[in-house]
């Protein structure tokens, strides 16, 4: 019988193992890397400790980023939630020096993950973080992803917008994000519309007049899903929200 107390992994031990994993990667010793990683994936470990492991791993990646990217690719192939958490946190620490590559890898991991959890966690943890820290460059990345063939990648744009709007109250930048998500507002894909609606309603929570004006301007001029509007107006004045829903329903 397994003693569950022995399965627990402390934050200190997670940090030590992350450093050890970095040493093994630097030496191109993948067997040792995986051997060091296994206790982290199998142990009873808090989300905070798992995230710390990823952050420390990402901080070491400047030594040989391509080697780390290859390791991350192998990790996500295992479809383990723990691997996704580690990799997302590691990529978030690499954004300053490898923004485009981190976003490209995040896109691939989201597409491979094909789940709400992966799309939202990586969408917020990598793409959302990139948007907060490097807004202008990341807007271009998200514009491309909003036309991606993967529904899960398109959903992640909404997750990134939601994260940004929670973190940054700048009205001009939130306006740009409304414009960015406009092509996604016509979707009838439930996976995508829930992500887009999540982002829009968060903007509406902190910038209600901004969202109200935007929807009034575009409903009827552009194809916008009624389901998206219903989600978007969640934090608006109820009377305003109902008026926008009625306006959208007339154009379905």
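Only the coordinates and a few stated rules stand behind these numbers; no lab work does. All values reported here derive from a predicted model rather than from experimental measurement. Reconstructed Cβ throughout: ideal geometry from the backbone, glycine too, with neighbour counts over all protein chains shown.
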- Task: Just need the relative contact order of segment 30-138 here, percent rounded to a whole number, with Cα pairs under 8 Å and 6+ apart.
- Result: 24 percent
- Task: For residue 100 and residue 209, compute 0.36 nm times the residue count separating them, minus their Cα-Cα distance, and round to one decimal in nm.
- Result: 35.9 nm
- Rounded to the nearest 0.05, what FRET efficiency do residue 216 and residue 48 give with R0 = 35 Å and r taken as the Cβ-Cβ distance? Could you check? 0.25
- Task: Over segment 135-252, calculate the relative contact order: mean separation of alpha carbon pairs under 8 Å at least 6 apart, over the residue count, as a percent.
- Result: 25 percent
- At 7 Å along the Cα-to-beta-carbon direction for both residue 79 and residue 112, put a label point, then send me their distance in nm to one decimal. 1.3 nm
- Report, to the nearest 10°, how far helix 95-113 tilts away from the longest principal axis of the Cα atoms in the chain, using its own Cα long axis and a range of 0 to 90°. 80 degrees
- Going by how many other Cβ atoms sit within 10 Å of their own, how do 163, 214 line up, fewest first? 214, 163
- Task: Taking only Cα atoms and a 10 Å spring cutoff, compute GNM fluctuations for the chain and point out the largest among 41, 25, 177.
- Result: 41
- Query: For a paramagnetic label modelled at 7 Å from the Cα of residue 234 toward its Cβ, which residues of segment 93-133 fall within the zone defined by backbone nitrogen distances under 15 Å?
  - Reply: 120
- What percent do you get for the relative contact order of the chain when only Cα pairs under 8 Å and 6+ apart count? 12 percent
- Query: Can you put 161, 191 in order, fewest other beta carbons within 10 Å first?
  - Reply: 191, 161
- 0 to 90° range, to nearest 10: angle between helix 65-76 axis and the chain longest Cα axis: 80 degrees
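Can you sort 155, 250, 67 so the residue with the fewest Cβ neighbours within 10 Å comes first?
Placing the least packed residue first, the sequence is 250, 67, 155.
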- Cα-based helix-to-principal-axis angle, 81-93 vs the chain, degrees rounded to 10: 80 degrees
- Residue-averaged [θ]222 nm for the chain, counting only DSSP H segments that reach four residues, each worth -39500 (n - 2.57): -23000 deg cm²/dmol
